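Here the structure comes first, spelled out in structure tokens, and everything after it is commentary.
The values are calculated or read from the model by the stated rules, or taken from the named source; none is laboratory data. This structure is a prediction, so every number in the text was calculated from the model and none was measured. All Cβ positions, even for glycine, are placed from backbone atoms using ideal geometry, and neighbour counts span all protein chains on display.
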Amino acid sequence: MAVTPRGTTPEPPDARPRLTVLSGPSGVGKSTVVAHMRKEHPELWLSVSATTRKPRPGEKHGVHYFFVTDEEMDKLIANGELLEWAEFAGNRYGTPRAAVIERLESGEPVLLEIDLQGARQVRESMPEARLVFLAPPSWEELVRRLTGRGTEPPEVIRRRLDVAKVELAAEPEFDETLVNTSVEDVARELLALTDVV
Ligand code: 5GP
């Protein structure tokens, strides 16, 4: 009989490696939370997405994203190499399928940080995935984050807020909701959900 240390839960024999999807409205702070998690736990594997967006200063190919051309993205999609993909703010983003499957098969937890359209596709293709919705502490806080420094024209801000309302309404589709009151707290909760700690 297997002996488990006191206070730990024995793993069920059919325990599957866990795929966790972090999603939520744009501007809610998903990437800040993920960056904090990885600082504390560099061993946590985060899928590197392909994108047609141009790199921002400091972003490295193969680390933050695989920066691809429109033609390369067309091929990735046509060849079925993406687990999911979506168009976001005029660019396409997708999760390379092979790397995710490889990690899951080797028993490692996998984290995807993707937009809502992508999360819905993962729900369809991998129903065992755990979908986590990152919610803002309040609507006012999301407005504050989305309007930023107030340098954008009111029309752009209005459009972003309209989109945010629709995005917030997606919350019931998710398995878990974490409220982003503190980056440290949310990162800790998410690490527990991803089975890293
Ligand atoms: P950004 O351009 O700011 O890095 O990302 C824009 C949005 O695209 C964010 O909401 C981010 O979560 C999402 N995103 C990044 N990678 C992927 C991906 O592979 N698939 C999908 N569906 N969304 C992604």
- prompt: When the range 44-59 is examined, which residues are found to be within 18 Å of Ala99 (Cα to Cα) and away from the ligand (no atom under 12 Å from the Cβ)?
  reply: Leu44, Trp45
message: Quick check on this structure: which one of Val143, Val163 is more than 17 Å from the chain's Cα centre (by Cα) and within 12 Å of the ligand (Cβ to nearest atom)?
response: Val163
message: For the structure I just gave you, tell me whether Ala135 is at pLDDT 95 or above, away from the ligand (no atom under 12 Å from the Cβ) and of a type in the set (A, V, I, L, M).
response: yes
task: Sort out which residues of the range 70-88 are surrounded by fewer than 16 Cβ atoms within 10 Å (Cβ to Cβ) and either of a type in the set (Lys, Arg) or part of a helix (DSSP H, G or I) (or both), and write them in order of number.
output: Asp70, Glu71, Glu72, Asp74, Lys75, Ile77, Ala78
query: Looking at this structure, is Val110 touching a strand residue (DSSP E or B) at 6+ places or on another chain (Cβ under 7 Å) and more than 23 Å from Glu72 (Cα to Cα)?
result: yes
- prompt: Do you know which residues across the range 107-145 are surrounded by fewer than 15 Cβ atoms within 10 Å (Cβ to Cβ) and either in contact (Cβ under 8 Å) with a residue 40 or more places away in the chain or under 18 Å from Ser31 (Cα atoms) (or both)?
  reply: Gly107, Ser125, Glu128, Pro137, Arg144
- prompt: Can Gly118 be described as touching an Asp or Glu at 6+ places or on another chain (Cβ under 8 Å) and within 30 Å of Arg160 (Cβ to Cβ)?
  reply: yes
query: Within the range 41-69, restricting attention to residues that are surrounded by 15 or more Cβ atoms within 10 Å (Cβ to Cβ) and outside any strand (DSSP E or B), which residue is modelled with the lowest pLDDT?
result: Leu44
message: Suppose we filter Thr194, Thr181 for residues that are in contact (Cβ under 8 Å) with a residue 12 or more places away in the chain and surrounded by fewer than 19 Cβ atoms within 10 Å (Cβ to Cβ); which single one remains?
response: Thr181
